[in-house]
Amino acid sequence: MATGPDLDAVRLELIEVADRLENLPSDALAERADARRRQAELREFVRKNFVAGDFLSADQLGRQIELLKTRITAHYGNRLSNLSGPSTGYGGGIEPRALHEMNRQMDAAADIDGMKCKLRELENRMAAFESSEDGDQEP
């Protein structure tokens, strides 16, 4: 989550900057440049410090987790070693080193490592959600 100003404060400042830009005379070039620079700084701050996923509910997190699990499972199901039938042998007769290299390239192209990392992150956030809900209930 973000440190420093909260999202509402940044949003309000972005609104103020947009209003200032709208109300500046067309010949106020220096003021316009300053306002646009500040607008760009605020937008970059939001991009770096606030992730849309930070604001997901537990239900939305659960759906994101299931979607990622489905994508990962589908990817592994479509690897070359899984597509061959029993009569064609391991990998459809492709030499094992070549088969492994093709699977690695498919994994890289699909960003499987990134999906797994995102999945772990979402599962950790879900666990935090669940532990905070358990703590809210009285015995």
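Using a basic spin-label model with each label point 7 Å from the Cα along Cα→Cβ, how many nm lie between Arg32 and Asp8?
3.4
Excluding Glu123 itself, what net charge comes from residues whose Cβ is under 14 Å from its Cβ, given Lys and Arg +1 and Asp and Glu -1?
Cβ neighbours under 14 Å give a net charge of +3.
Treating the beta-carbon of each Lys and Arg as +1 and of each Asp and Glu as -1, no other charges, what is the dipole magnitude of region 7-50 about its Cα centre, to the nearest 20 debye?
280
Let me know the shape class of region 7-50, please: from the alpha-carbon gyration tensor, a ≥ b ≥ c as square roots of the eigenvalues, rounded when a/c is under 1.5, otherwise prolate if a/b is greater than b/c, or oblate.
oblate
So if each residue of separation counts as 0.36 nm, and I subtract the Cα-Cα distance between Glu22 and Ala74, what length gain in nm does that give?
Here the answer is 13.8 nm.
Want the number for Met102 to Ser131: 0.36 nm per residue separation, take away the alpha-carbon distance, what's left?
Here the answer is 6.3 nm.
Every read-out reported here was derived from the displayed coordinates using simple, explicitly stated rules and does not represent laboratory data. Being a predicted model, the structure only gives us computed values, none of them experimental. Reconstructed Cβ throughout: ideal geometry from the backbone, glycine too, with neighbour counts over all protein chains shown.
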